[in-house]
Structures are given as structure tokens and as C-alpha cells.
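The values are calculated or read from the model by the stated rules, or taken from the named source; none is laboratory data. The structure presented is a predicted model; accordingly, all values stated were derived computationally and were not measured. Quick reminder, even Gly has a Cβ in these numbers, built from the backbone with ideal geometry, and neighbours come from all protein chains shown.
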Amino acid sequence: MPIEIERKFLVRGNFKNLATRKYSIAQGFLSTVPERTVRIRIKEDKGYITVKGISDKEGISRFEWEKEISKIDAENLLTLCEKAIIEKVRYIIPSSDNLFFEVDEFLGENKGLIIAEIELPNANTFFKKPNWLGDEVTGQVKYYNAMLAKKPFNKW
């Protein structure tokens, strides 16, 4: 079973000059029930469908299955999604030991929110926290993209 292990942080400093890549993302949710989230994403010229399960009690790990689909299929599925579409720019920033941060700068109703995530091989993996990372928000449901679609950052 594929398990995603990640930690999330708010961003408080300059990070853009450290990015090795950046790209635009649009995503919506076909399902956001507590037992599972089904996400449709367009990243550049590719589409993806992702199913995520319930997080563990710390919010660090959960089941995640993802499959690439055509951009046209993803565009069509986005029309069936719940409420708002999340738009963001993702920056890729290398860390140590072949790890990297994905920093999402949200747009639209979530403008002003910037979150960094790091995927880890296991929950105890050490990584160096750069000085531009702010408070850890791992496991805080309001920072999940599915929740940001329902209750955007500018309505907090």
C-alpha cells in the first residue's frame, strides 16, 4: 500500500531564489469525505487523479495513490469537482540527502498563504530546517488543500 509521509510548515522568509523549478497547479476535489479525498490536478500539461486516505493521529502519514491522466480528462473532471478550484504556484527547493521541499504559493481566495511540504522516507527521517520555514502545521486540517477549497484562507 503506498503511504505518503510528509511534514508541512508555514513559510516566513524568502525562498524563491532557492527554487530549481516552478510550475502552476490547478486542482479540485471530487470527494472530501473524512474517509477519503479524491483530487483532480492539472500540473503544466499533465493531469492526475489522486486518492488519499485518513491521516494517522500525528497527521504525518496516510495512504496515497496517484495516476497520471490526460490533461483533457483532468479538465473535464474539474467541472465535476466540489466548490472551489485551488490555484497555486509550486516551487521545488532541494534539501539534504536527496530530499526536497515543495513550496506552494496559493492564489485566488487563498492568496497570502504559503506552505512548504517535505516528503520523507519514514516519519523519523532527519532533515535540516532552513531559516525560511516558519511554524509546523503538520496535521492541522485547516491547511489541507481540500479544506482550503471549502474555507479559503482569506475567510479565516
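For the range 1-18, taking the residues that are more than 13 Å from the chain's Cα centre (by Cα), surrounded by fewer than 17 Cβ atoms within 10 Å (Cβ to Cβ) and of a type outside the set (D, E, K, R), the one that is nearest to SER70 (Cα to Cα) is identified as PRO2.
Do the conditions hold for GLU82, that is, is it touching a Gly at 6+ places or on another chain (Cβ under 9 Å) and at pLDDT below 95? Give the derivation first.
On the way: touching a Gly at 6+ places or on another chain (Cβ under 9 Å): yes; at pLDDT below 95: yes.
When the stated conditions are applied, GLU82 passes them.
Count of the range 136-156 residues, restricted to those that are hydrophobic (A, V, I, L, M, F, W, C) and over 23 Å from LEU30 (Cβ atoms), is 2. Scanning the range 106-130 for residues that are surrounded by 19 or more Cβ atoms within 10 Å (Cβ to Cβ) and in contact with a helix residue (DSSP H, G or I) (Cβ under 9 Å, 6 or more places away or on another chain) yields PHE106, ASN110, LEU113, ILE115.
Rundown of residues vs (1) closer than 23 Å to GLU35 by Cβ; (2) of a type in the set (Val, Ile, Thr), yes/no style:
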position	(1), (2)
ILE93	no, yes
LEU120	no, no
GLY134	no, no
VAL141	yes, yes
MET147	yes, no
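Among the residues in the range 137-155, are any assigned to a strand (DSSP E or B), out of contact with any Asp or Glu (no Cβ under 6 Å at 6 or more places or on another chain) and not small (Gly, Ala, Ser)? Looking for residues that are assigned to a strand (DSSP E or B), out of contact with any Asp or Glu (no Cβ under 6 Å at 6 or more places or on another chain) and not small (Gly, Ala, Ser), one finds none in the range 137-155, hence no. Here ARG21 meets each of (1) of a type in the set (Lys, Arg); (2) out of contact with any Gly (no Cβ under 9 Å at 6 or more places or on another chain); (3) surrounded by 13 or more Cβ atoms within 10 Å (Cβ to Cβ) with one exception, condition (3). Within the range 105-129, the set of residues being at pLDDT 95 or above, assigned to a loop (DSSP other than H, G, I, E, B) and not hydrophobic (A, V, I, L, M, F, W, C) comprises LYS111, GLY112.
Listed residues THR37, THR32; which is in contact (Cβ under 8 Å) with a residue 12 or more places away in the chain, of a type in the set (S, T, N, Q), more than 21 Å from ILE92 (Cβ to Cβ) and out of contact with any strand residue (DSSP E or B) (no Cβ under 6 Å at 6 or more places or on another chain)?
Details: THR37 fails: out of contact with any strand residue (DSSP E or B) (no Cβ under 6 Å at 6 or more places or on another chain).
On inspection, the qualifying residue turns out to be THR32.
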